[in-house]
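Peer 1: Starting off with a structure, shown below.
Coordinate-derived values only; no laboratory data. The structure presented is a predicted model; accordingly, all values stated were derived computationally and were not measured. We place every Cβ from the backbone using ideal geometry, glycine too, and count neighbours over all the protein chains shown.
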Amino acid sequence: MSSEQRLRAEEAWKDKRSELVQARKGETTAQQRLEKAGCSLITVQDRLLNHQNALTSATEEVEAAAVKAAEAAETSKESHETFVKALFDAESQLGLVDQRGAATGDCAADAAPDKLKKAQKALDKLKTSMESNLFRQVEYETVEEDVLKVEPGRERERHRLEQLVAKAIQRAENSREAVLKEVQHFVEAGMWFAESLQKTQKRPVRMDQVKAVQSTVKAAFRQLPKAWQAVRSAREAQAKVGAQRRKVALRRATAVQTKAESEATVQSASSEQKEAEAEEAQLRSERSARESDLAAAEVARQTAHQREVDMKRRRDELKAQQPAARDAVKAARAAEREADAERKALHARAEKREKEQELLEEAKSTAVRQLKNEAYDANQVELAYEERRGSKKAQE
């Protein structure tokens, strides 16, 4: 029985030891996972900080680019207004004469009607070309604003609008080239108009007065190419600033998206670390429980082993005491037999005494009855004595 208990305790101890080994392996794996999750979280947090710094830098660049774009747009607007003013001044020179070329007001010169018509025709073409250029400029600025409004992550939309911006820039450039050609035509026509000026027929004038008018007209027309070149340069500078603005805007959009992805990664890594911490705590608790179970099983095993040792020692002691015990048993049995025989003898003597007592009682009862039945005789005692005495002698 003790051997079976020891074997069961040994098996239980082995099972608990195996469970503890598995629990320790699981805890080690959980600790490694927790350590890895912690390192990963630190890495992605550092990466998020870098992306946050990049976003801050990109935001500052976007703000600076917006300021430069506003300044470039203002410069472009001012140069365009300057050109419009110069064009108005040149156009007003054509108003020195009427449609027939005759001087108007205080003008001292008449002009050739055909030169006037060519200049007016060139002016009309220039205005048409300027309207087209203004439309193309507005188109470019509108598409560029659309690009800047694209939300992070919508790269296909951004790419499509960037292509539209490139086309709008090209169309605006072509339109500016067309305006430049019309400006050159208008200036050339204006110069021919100035050369056609001569003394007016309305009133007497001096030739120096006509020369002065010619100089004023030529000066008004000569400023147009330079003024338009300023518009062209301002528009090209605006386009370059716009390209830089779109570039930093794209960088910022990329930084925003990257930061959002990093935040999601940090959230995921944080969740992973929390799960790893919970798992590690659970497995550590299980390992502690398995250690307690193993300790209890070890105590039970040692107890069962000690019980078996004690029982074996007791068995050996009993085996050593067996001959003396047998002798004692034999002596006890002999004593029991003697006691039984003595008991039987005593019982027989007691029965004999009881029978004698019964006979005595019966004799006494018989005697009493006989006495009661007999008539009273005053000498009956002596007679009975004699009779008894004679009976004894006869027996002798």
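Peer 1: Compute the angle between helix 155-195 and the longest alpha-carbon principal axis of the chain, please, reported from 0 to 90 degrees and rounded to the nearest 10.
Peer 2: That helix lies at roughly 10 degrees to the long axis.
Peer 1: Quick one: helix 113-148 against the long Cα principal axis of the chain, what's the angle to the nearest 10°, folded into 0 to 90?
Peer 2: Taking Cα atoms only, the helix is inclined about 10 degrees.
Peer 1: I've got another one for you. Less than 15 Å Cβ to Cβ from residue 153, Lys/Arg counted +1 and Asp/Glu -1: what total charge do the surrounding residues give?
Peer 2: Here the count lands on +3.
Peer 1: For residue 240, which aspartates and glutamates qualify as cross-link partners when the Cα separation must be under 13 Å and same-chain residues fewer than eight apart are set aside?
Peer 2: Of all the aspartates and glutamates, those that pass the test against residue 240 - Cα under 13 Å, at least 8 places apart if same chain - are 71, 141, 144, 173.
Peer 1: Over 19 Å between Cα atoms: which of 16/36; 85/218; 121/226; 68/226 fall into that group?
Peer 2: 16/36; 121/226; 68/226
Peer 1: Another question, if that's okay. Straight-line reach only, C-alpha to C-alpha below 12 angstrom: list the aspartates and glutamates that residue 118 could link to, leaving out same-chain residues fewer than 8 apart.
Peer 2: 188
Peer 1: Another question about this same structure. Determine which lysines satisfy two conditions relative to residue 355: a Cα distance under 20 Å, and not lying fewer than 8 residues away in the same chain.
Peer 2: 344, 364
Peer 1: Find, among the trypsin sites (Lys or Arg not before Pro) in region 56-103, those assigned to loop by DSSP (not H, G, I, E, B) with at most 11 other beta-carbon atoms within 10 angstrom.
Peer 2: 100
Peer 1: Could I ask something else about it? What list of ³J(HN,Hα) values in whole Hz, one per residue of region 284-297 in order, does the Karplus curve 6.51 cos²θ - 1.76 cosθ + 1.60 (θ = phi - 60°) give from phi, with Gly and Pro shown as x?
Peer 2: Result, rounded to whole Hz: 5, 5, 5, 4, 4, 5, 5, 5, 5, 4, 5, 4, 5, 5.
Peer 1: For residue 199, which sequence-distant residues (separation of 5 or more, or a different chain) have an amide H within less than 5 Å of its own amide H, given hydrogens modelled in the peptide plane?
Peer 2: Excluding prolines and chain starts, which carry no amide H, the hits are 110.
Peer 1: Please count, across region 126-206, the pairs of lysine residues with Cα atoms under 29 Å apart that sit 8 or more places apart or on different chains.
Peer 2: 4
Peer 1: Once you charge only the Cβ atoms, +1 for Lys and Arg and -1 for Asp and Glu, what is the size of the charge dipole of region 13-288 about its Cα centre, to the nearest 20 debye?
Peer 2: 940
Peer 1: Here's something else I'd like to know. Output the 0 to 90 degree angle, nearest 10, between the alpha-carbon long axis of helix 380-395 and the longest principal axis computed from the alpha carbons of the chain.
Peer 2: 90
Peer 1: Would you kindly calculate the translational diffusion coefficient of the chain, applying Stokes-Einstein with the Kirkwood radius from alpha carbon pairs, for 37 °C and a viscosity of 0.692 mPa s, and quote it in µm² s⁻¹ without decimals?
Peer 2: Diffusion coefficient, whole number: 92 µm²/s.
Peer 1: What are the radius of gyration and Dmax of region 104-198, computed over its Cα atoms and given in Å?
Peer 2: Spelled out, the Cα radius of gyration and Dmax of region 104-198 are 20.8, 69 Å.
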